[in-house]
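Visitor: Take a look at the following structure, please.
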Amino acid sequence: MRRICIYCGSSPGARPEYAAAARHCGATLAARGVTVVYGGGNVGLMGILADAALAAGGEVIGVIPHRMMARELGHERVTQLITVDSMHARKQKMAEPADAFIALPGGIGTLEELFEVFTWLQLDLHHKPVGLLNVAGFYDRLVDFLAHLRAERFLKPEHFETLVVEDNVERLLDRFARFNHPPTGKWADKKPGAGGG
Ligand code: AMP
């Protein structure tokens, strides 16, 4: 795996474990020669992640909208800072070069980015692994809610299973290496024009 896209909070969060995990994640990816692709920010877990990867000699690509750059929210020292016109363009530019995606703890921005790539996996639009780094049980309730979607038949069991959840980045990367995308996309058994869920 050459490039991994990381979604994470623009805030540091309430617990020191979150910053420690972002630091460890950045350093681990750098040590494995994996380029970090992220939102380009210098704040919160985003800044901590980028700083740690750079300090360990890794490459970091940031993708940030011009408007955020103008508000001095961009990281000054990343290997490559790509500026784009919109949040939509940014998500595309972050996702395209990545071989996998990891969400660290974060807020609604992180969740929005995570759910977009998870949805695209379910739709067969890509076959790259998507993972949650479940630091200090941060994502336990989200995983419970996804299990509720599965129980209520809004999410297929095989798609629920594709989300890789680990509390440790090394185990997450090991599971990525063995990742098999689901045999069928959400609509694979539907004839064109048949509709329905
Ligand atoms: P949140 O989880 O709400 O803090 O939002 C974090 C996610 O949204 C990141 O993965 C970024 O892609 C994007 N984002 C939010 N705020 C910023 C910022 N100040 N600079 C760069 N990206 C940001």
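Visitor: Of all residues in the stretch 28-43, count the ones that are aliphatic (A, V, I, L, M), surrounded by 19 or more Cβ atoms within 10 Å (Cβ to Cβ) and more than 14 Å from the ligand (Cβ to nearest atom).
Guide: Final tally of qualifying residues: 3.
Visitor: Among (1) free of Cβ contacts under 8 Å to residues at least 40 places away in the same chain; (2) within 10 Å of the chain's Cα centre (by Cα); (3) not in a helix (DSSP H, G or I), where does I102 come up short?
Guide: (1)
Visitor: May I pose another question? Considering only the stretch 139-184, give the helices (runs of 4 or more DSSP H) lying wholly within it that have at least 2 residues that are hydrophobic (A, V, I, L, M, F, W, C).
Guide: 140-151, 169-177
Visitor: Which condition number does R171 fail, the rest of (1) modelled with pLDDT under 95; (2) farther than 20 Å from E116 by Cβ being met?
Guide: R171 satisfies all of (1) modelled with pLDDT under 95; (2) farther than 20 Å from E116 by Cβ except (1).
Visitor: Which one is nearest to the ligand (Cβ to nearest atom) among residues in the stretch 53-69 that are open to solvent by 10 Å² or more (accessible area, probe 1.4 Å) and within 21 Å of A19 (Cα to Cα)?
Guide: Among residues in the stretch 53-69 that are open to solvent by 10 Å² or more (accessible area, probe 1.4 Å) and within 21 Å of A19 (Cα to Cα), the one nearest to the ligand (Cβ to nearest atom) is I61.
Visitor: For the stretch 1-52, enumerate the residues that are part of a loop (DSSP other than H, G, I, E, B), within 24 Å of A70 (Cα to Cα) and in contact with a strand residue (DSSP E or B) (Cβ under 8 Å, 6 or more places away or on another chain).
Guide: C8, S10, G39, G40, N42
Visitor: Turning to a different aspect of this structure: Which condition number in (1) open to solvent by 60 Å² or more (accessible area, probe 1.4 Å); (2) closer than 19 Å to L173 by Cα; (3) not small (G, A, S) is the one that E72 fails?
Guide: Of (1) open to solvent by 60 Å² or more (accessible area, probe 1.4 Å); (2) closer than 19 Å to L173 by Cα; (3) not small (G, A, S), only one is false for E72: (2).
Visitor: Can I ask one more? All but one of (1) at pLDDT below 95; (2) open to solvent by 40 Å² or more (accessible area, probe 1.4 Å); (3) touching a helix residue (DSSP H, G or I) at 6+ places or on another chain (Cβ under 9 Å) hold for A194; which doesn't?
Guide: Of everything listed in (1) at pLDDT below 95; (2) open to solvent by 40 Å² or more (accessible area, probe 1.4 Å); (3) touching a helix residue (DSSP H, G or I) at 6+ places or on another chain (Cβ under 9 Å), A194 misses just condition (3).
The values are calculated or read from the model by the stated rules, or taken from the named source; none is laboratory data. Nothing here was measured: the structure is a model prediction, and the numbers come from that model. Note that we place each Cβ from the backbone using ideal geometry, even for glycine, and neighbour counts take in every protein chain shown. Heads up: the accessible areas ignore ligands, DNA and RNA and are worked out on the full protein's heavy atoms, side chains in. Shrake-Rupley method; radii C 1.70, N 1.55, O 1.52, S 1.80 Å.
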